[in-house]
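Student: First, the structure itself, so that you have it in front of you.
The values are calculated or read from the model by the stated rules, or taken from the named source; none is laboratory data. Because the structure is a prediction, the values reported are computed rather than measured. In this analysis, Cβ positions are derived from the backbone assuming ideal geometry, glycine residues included, and neighbour counts consider all displayed protein chains.
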There are 2 protein chains.
Amino acid sequence: MERKDVRHSEIHFPEGIKWTRQRKAVYEVLWEEKEPLTPVKLYNLVEQRTADGEYALSTIYRILSAFEEKGLVEKDASMEDGTLLYSLRRGNHTHYAVCLECHKRIALANCPFAHLSLEQETEDFTITNHKLELYGYCKECRDSGRLRRP
Amino acid sequence: MERKDVRHSEIHFPEGIKWTRQRKAVYEVLWEEKEPLTPVKLYNLVEQRTADGEYALSTIYRILSAFEEKGLVEKDASMEDGTLLYSLRRGNHTHYAVCLECHKRIALANCPFAHLSLEQETEDFTITNHKLELYGYCKECRDSGRLRRP
DNA sequence: GATGCAAATGCAATTCATTCGCATCTGAGA
DNA sequence: TCTCAGATGCGAATGAATTGCATTTGCATC
């Protein structure tokens, strides 16, 4: 069983939550991955990198809910097809460009709304947050010349 | 919320597609509704407004896929929870402000990226489309004073 | 208006993601 | 070390979406 080297000292497990073996494993995988993950992908990654026991998929779901409640992760859905994606809250605020061909998600360097204040008050609506996704084709798919909708 | 009277003569059923009773009913409901709808809500609305027979939910799904393929409807998912939403393609390009309390979706008057050309070419990525959602609280929920995350 | 057939529908069964109930286990405070 | 609220594993239940197949139906052609 291949086991990636992890420097645990780098990871700081936030307080105020019970850190079980399973929760640590999930947190570590999220810490290492830069892309948002579906619960099932996360489950596979956790299974694959740990030798110390089996995990139940339902536990992964419960852990993600708990993390979300504590504000440790951000849950959002791809606007493309609605699949749920989880990523660690790292303080920064990221948008993605999604390739319509290979479904790769590329993080944008910065948010086009960064200059707006976080809380925007208008007559009818108080904006607290926003989500943006760009769609198109990544360099590789564009150059491969085999696009589904050219 | 005003309920518009529909003159069927206003509706133009695009050509190049077989217009069955069921497809017309779905198209009409989509035509009348300003908000994007889930397949199930659409199913209920169609059942409710037609006296001429029963509909199968699977048919609604197949009709929506067919409409999407023909470019008649736009399918997207709420970034909030991933529920699939369908709306008629009316040529314009709409974003929504979503109330985190009552889940109402309010159409924005215009797109903040309207000044950008539709196809944006960059080094690594060719942008063909984008989706934006604003989150926060609508006037009614804000004033009701009973917000879940105040 | 009648006919033929490819395509659309209804129905039931199936798949897949997500949630839930409950018995057992365990992290972390006393 | 002991204790127990809360976390987990497992399997069953839910719910959305898809699929296979027998039947029906627009609509192009006569």
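Student: Output the number of the condition that A:LYS70 fails; it satisfies all remaining conditions of (1) surrounded by fewer than 18 Cβ atoms within 10 Å (Cβ to Cβ); (2) more than 14 Å from every other protein chain (Cβ to nearest Cβ); (3) touching a residue at least 24 places away in the same chain (Cβ under 8 Å).
Tutor: (2)
Student: Further question on the same structure: Identify, from the list B:LEU84, B:LEU108, B:LEU72, the residue that is more than 10 Å from DNA strand C (Cβ to nearest atom) and more than 29 Å from A:LYS75 (Cα to Cα).
Tutor: Just one listed residue meets the conditions, B:LEU72.
Student: For the stretch B:81-112, name all the residues that are within 11 Å of chain A (Cβ to nearest Cβ), part of a loop (DSSP other than H, G, I, E, B) and of a type in the set (Ser, Thr, Tyr).
Tutor: B:THR83 - this is the single residue of the stretch B:81-112 that is within 11 Å of chain A (Cβ to nearest Cβ), part of a loop (DSSP other than H, G, I, E, B) and of a type in the set (Ser, Thr, Tyr).
Student: When you go through (1) more than 16 Å from DNA strand D (Cβ to nearest atom); (2) at pLDDT below 90 one by one for A:ASP52, which number turns out not to apply?
Tutor: Answer for A:ASP52: the failing condition is (1).
Student: Next question, about the same structure. Take A:HIS115 and decide whether it is part of a loop (DSSP other than H, G, I, E, B), farther than 24 Å from B:LYS104 by Cβ, at pLDDT below 90 and in contact with a Ser or Thr (Cβ under 9 Å, 6 or more places away or on another chain).
Tutor: Answer is no for this residue.
Student: With respect to A:LEU72, determine if the residue is within 13 Å of DNA strand D (Cβ to nearest atom) and within 18 Å of A:HIS93 (Cβ to Cβ).
Tutor: Spelling it out, A:LEU72 is indeed within 13 Å of DNA strand D (Cβ to nearest atom) and within 18 Å of A:HIS93 (Cβ to Cβ).
Student: For the stretch B:59-80, which residues satisfy the criterion of being part of a loop (DSSP other than H, G, I, E, B), of a type outside the set (Gly, Ala, Ser) and out of contact with any helix residue (DSSP H, G or I) (no Cβ under 8 Å at 6 or more places or on another chain)?
Tutor: B:LYS70, B:MET79, B:GLU80
Student: Here's a follow-up. Looking at B:LEU64, B:LEU108, B:LEU85 in this structure, which one is modelled with pLDDT under 90 and surrounded by 13 or more Cβ atoms within 10 Å (Cβ to Cβ)?
Tutor: Of B:LEU64, B:LEU108, B:LEU85, the one residue that is modelled with pLDDT under 90 and surrounded by 13 or more Cβ atoms within 10 Å (Cβ to Cβ) is B:LEU108.
Student: May I ask you to list the residues in the stretch B:41-60 that are over 21 Å from B:GLU133 (Cβ atoms) and more than 9 Å from DNA strand C (Cβ to nearest atom)?
Tutor: B:TYR43, B:ASN44, B:LEU45, B:VAL46, B:GLU47, B:GLN48, B:ARG49, B:THR50, B:ALA51, B:ASP52
Student: Okay, next question. Filter the stretch A:17-40 down to the residues that are assigned to a helix (DSSP H, G or I) and within 13 Å of DNA strand C (Cβ to nearest atom), then identify the one that is nearest to the other protein chains (Cβ to nearest Cβ).
Tutor: A:PRO39
Student: Also, I was wondering about something else. Quick check on my filter: what residues within the stretch B:88-103 are hydrophobic (A, V, I, L, M, F, W, C) and surrounded by fewer than 19 Cβ atoms within 10 Å (Cβ to Cβ)?
Tutor: Matches in the stretch B:88-103: B:LEU88, B:LEU100, B:CYS102.
Student: Tally the residues that are at pLDDT 80 or above and either out of contact with any Phe, Trp or Tyr (no Cβ under 6 Å at 6 or more places or on another chain) or surrounded by fewer than 18 Cβ atoms within 10 Å (Cβ to Cβ) (or both), restricting the search to the stretch B:134-150.
Tutor: Qualifying residue count, the stretch B:134-150: 9.
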